[in-house]
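The values are calculated or read from the model by the stated rules, or taken from the named source; none is laboratory data. Note that the coordinates shown come from a computational prediction; the quantities given were computed from them, not determined experimentally. Note that each Cβ is placed from the backbone with ideal geometry, even for glycine, and that neighbours are counted across all protein chains shown. Quick note on the areas: whole protein, heavy atoms, side chains included, nothing else; ligands and nucleic acids left out. Shrake-Rupley method; radii C 1.70, N 1.55, O 1.52, S 1.80 Å.
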Amino acid sequence: MLTRPRPARAFTLIELLVVIAIIAILAALIFPVFAQARAKARQAVCSSNLRQIGIAVAMYTQDCDGLYPYAVDPADWSTPQIWNGQPAFQAEIPNIGHINDVLGPYIKSRELFHCPSDTGFLQEDFVPGQTIAPNDTPPGAFPSSFAKFGTSYYYRTEIAFRHASDSSVQTPATLNMIFDGCGGWHGGSIFDTRRYSVLHADGHVKSLSRSQVDALWATPL
């Protein structure tokens, strides 16, 4: 007597829903881990860029009798009014080269000035309420600071104004020389959660919180 093979048992709707729910839960657990790993990788690239820029700064100082770059960053160039309290400094801005151009002869690729997390920004981090490039249409550093200005990294232009040198700076290990243009690239959008990759005058790079960077701005030259 022949027996017919039993047809394969199909999943019920409830079983399918359970499987889908399990997959969704696993995805919710795994995706943030992948996102964090990608963010860490981008931050590592950013820190590497700044270290190499630090080498370029050292080469510049060797060629210029120890003086640090006589340069300006996009924030000071596009919004010189932030220096209204220092008219002598403000008057120098039109005659100073941009930091990425001044260091250009000492680097192999302009990509060194490109932070992989650079998504641009509207207002300057360190001048509350000040919109960068306010006369542009549209204003801001979009689609990225690198795309618009050629650099994701900004400069403590006071160094140029004061003609500081590697021998005149009192505490090079705490002088914030070049840093991320926006703390939201490696941190959060909320003020206290912003983080910055910072190149110090002695050449080392650290990832710092907003409060730590604010403390560095008080470092005298």
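Condition first: among the basic types (Lys, Arg) and modelled with pLDDT under 65. Now tell me which residues in the range 1-58 satisfy that.
Going residue by residue through the range 1-58, those that are among the basic types (Lys, Arg) are 4, 6, 9, 38, 40, 42, 51.
Answer for the range 1-58, where residues must be among the basic types (Lys, Arg) and modelled with pLDDT under 65: Arg4, Arg6, Arg9.
Residue-by-condition table, conditions (1) open to solvent by 60 Å² or more (accessible area, probe 1.4 Å); (2) out of contact with any Phe, Trp or Tyr (no Cβ under 8 Å at 6 or more places or on another chain):
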| site | (1), (2) |
| --- | --- |
| Trp83 | no, no |
| Gln86 | yes, no |
| Gln90 | no, no |
| Asp101 | yes, yes |
| Cys115 | no, no |
| Val127 | no, yes |
| Ile132 | no, no |
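Of the candidates Val57, Val127, the single residue that is β-branched (Val, Ile, Thr), out of contact with any Asp or Glu (no Cβ under 6 Å at 6 or more places or on another chain) and not in a helix (DSSP H, G or I) is Val127. Of everything in the range 47-74 that is open to solvent by 10 Å² or more (accessible area, probe 1.4 Å), under 16 Å from the mean Cα position of the chain (by Cα) and touching a residue at least 12 places away in the same chain (Cβ under 8 Å), the residue that is farthest from Asp125 (Cα to Cα) is Gln52. Just to be sure before I move on: is Arg162 in contact (Cβ under 8 Å) with a residue 60 or more places away in the chain, open to solvent by 20 Å² or more (accessible area, probe 1.4 Å) and closer than 19 Å to Ala75 by Cβ in the structure I sent? The answer is no for Arg162.
Residue check: Ile178 meets all listed conditions (1) open to solvent by less than 10 Å² (accessible area, probe 1.4 Å); (2) farther than 20 Å from Met59 by Cβ but one, namely (2). Within the range 208-221, can you find the residues that are part of a strand (DSSP E or B) and surrounded by fewer than 17 Cβ atoms within 10 Å (Cβ to Cβ)? Listed by number, the list holds a single entry, Ser209. Considering every residue within the range 182-201, establish whether at least one is over 19 Å from Ile53 (Cβ atoms), among the small types (Gly, Ala, Ser), touching a residue at least 60 places away in the same chain (Cβ under 8 Å) and not in a strand (DSSP E or B). Within the range 182-201, one or more residues are over 19 Å from Ile53 (Cβ atoms), among the small types (Gly, Ala, Ser), touching a residue at least 60 places away in the same chain (Cβ under 8 Å) and not in a strand (DSSP E or B).
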